[in-house]
1. Is the range 301-369 rounded, prolate or oblate when judged by the Cα gyration tensor, a ≥ b ≥ c being the square roots of its eigenvalues, rounded requiring a/c under 1.5 and prolate requiring a/b larger than b/c?
2. Let me make sure I get this right: for the chain, a, b and c are the square roots of the gyration tensor eigenvalues over alpha carbons, sorted descending. Under 1.5 in a/c it's rounded, otherwise prolate if a/b > b/c, else oblate. Which is it?
3. Going by a ≥ b ≥ c, the root eigenvalues of the Cα gyration tensor, does the range 6-128 fall in the rounded group (a/c under 1.5), the prolate group (a/b larger than b/c) or the oblate group?
4. Percent of alpha carbon pairs in the range 45-94 separated by more than 13 Å?
5. Which peptide among 207-216, 305-314 comes first, and what is the full order, when sorted by highest mean count of other Cβ atoms within 10 Å?
6. Take the alpha carbon atoms of the range 1-50, find their radius of gyration, then divide it by 2.2 N^0.38 Å using N residues; give the quotient.
7. How high is the relative contact order of the chain? Use alpha-carbon pairs under 8 Å, at least six apart in sequence, and give a whole percent.
8. Dipole of the chain, Cα-centred, from +1 at each Lys and Arg C-beta and -1 at each Asp and Glu C-beta, to the nearest 20 debye?
Amino acid sequence: MITPRILTAVPICDGHDSAILTINLELARHGVEVIYLGYHRSVRDIVRAAIQEGVHGIGISSYNGGHVEFFSDVLRMLRHQGARHIRVFGGGGGTITSVDASLLKRRGVEEIFFAGTPLQNMVDFVHHTFTRSPSNGAAKVLMGRLNDLQLSRLLTIAESNSLPWISANRPPTLTIGITGPGGAGKTTLIDELTLRFLKSWPKGRIAVLSHDPSLKRKGALLGDRAGMIYAQHDRVFMRSLGTRGHSGGLAASTRRCVDLLRRAGFDLLLVESAGIGQDDLPFAHGLADKQILVMSPDYGSRLQLQKIVMLETADIVVVNKADLPGARTALSELDHRLGLNKPRPKLIGTVAKRHADEGVNDLFQEIMQ
Ligand code: B12
Ligand SMILES: Nc1nc2c(ncn2[C@@H]2O[C@H](COP(=O)(O)OP(=O)(O)OP(=O)(O)O)[C@@H](O)[C@H]2O)c(=O)[nH]1
Ligand SMILES: [Mg+2]
């Protein structure tokens, strides 16, 4: 049985996200991988993300009154992009009337949920509709530059079992592994690095492979994409992976996905691990060309620094949230600790949430060297 993968979002000019946040969690708790894109999202952003993420369905929560046009445009763009296998469903309380729902279903929407529907019905619908849905197509051996849909299909194969072969006519892409405890600011930093890459390489293409933990029943809330503003840029390809029971911050399929992305013609590949613990080394064994450990100033005391195994192997250590109290102490304690390493890793303080931060500029220079 396949794990259903769903992308959820709230349409443009609509900030009603409380329903979808509840639904996301309920689906994730019941074995569904949910990639949440956020609110105020355009048709193009939703379709593009759904294709890159290789989802089986798109769930839209719409309260702004424009649902007939919006759902119809999503269907139209999916067809136009050759992705009619991605099914569309959604809800929006009392704002979607039964007449509108019938019209949308005639146009190809799978299901509309009205006010008062128990969450269990939606969970059952997703399992019933998507667990047996055909995976998104068999991949042939492809050559030359892949479009998003082709690459996404190959990643789905890589994630499920084997590494599809693609011919590469250039050296493998520079790959940077970015890890650190949950919430340290890895995604925010990746977003800012992506922005710098797009600005300094006007034709360059970048891929981001992002991991979040899977829950007990294999479902997951893959939330990094919602925090990545620049994931929607034309020259960015982003894919989210659930760890699916694998410990250490990555998934069992990560190496296959990384191998594939390294040969797919990008100029830079950034891999984000799920939040890690003291003894995890997600990017050991040559998975990345450079390993970055992102920490926040609240790691504890000097004693904790003796226990973090990643400090032995990181090429660059970042103290993010350098705007918070304790950041100076953290930088000085880490500087002392890293002095024991040979070669000594680079130590950089950053404020990823601040636009044009000098520390992030330094980090970008260091990566691209
Ligand atoms: C809560 C709420 C708010 C909150 C939103 C908080 C948040 N972060 O989401 C606040 C107070 C901020 C708010 C603001 C506004 N709101 Co308001 N809001 C509501 C309200 C009361 C409830 C919506 C809700 O969350 N319901 C709870 C969910 C769980 O239940 P449900 O809606 O019945 O949905 C069911 C199913 O449809 C299904 N479902 C829903 N989505 C999805 C998606 C998927 C994938 C699936 C499977 C199922 C599913 O799940 C539920 C299960 O039973 C509705 C009125 C109403 N009673 O519906 C107005 C309402 C939607 N808001 C309205 C308006 C006008 C606004 C404002 C424009 C007001 C203003 N002038 O400022 C702003 C706009 C905000 C914005 N940025 O978009 C209008 C929209 C009218 C229209 N479309 O013509 C409504 C209908 C109120 C009204 N009668 O006028 N709002
Ligand atoms: N004060 C401060 N907050 C930041 C900074 N960078 C990120 N944040 C906030 O920290 C929170 C977590 O950021 P993320 O980028 O999602 O962190 P993450 O490490 O990717 O989190 P996981 O993927 O869940 O492990 C968000 O609320 C960010 O806005 C920073 O430089 N300073
Ligand atoms: Mg993250």
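1. Here the range 301-369 falls in the oblate category.
2. Here the chain falls in the prolate category.
3. Note, shape of the range 6-128 comes out rounded.
4. Across the range 45-94, Cα pairs with separations above 13 Å total 53 percent.
5. Most protected by this proxy first, the peptides run 207-216, 305-314.
6. Taking the Cα Rg and dividing by 2.2 N^0.38 Å, one obtains 1.16.
7. 16 percent
8. Around 1020 debye, computed over the chain.
The values are calculated or read from the model by the stated rules, or taken from the named source; none is laboratory data. It should be emphasised that the depicted structure is a prediction, and the values quoted were computed from it without experimental measurement. Neighbour counts run over all protein chains shown; Cβ positions are idealised from the backbone, glycine included. Accessible surface is based on the protein model in full, side chains and every heavy atom, while ligands, DNA and RNA are left aside. Shrake-Rupley method; radii C 1.70, N 1.55, O 1.52, S 1.80 Å.
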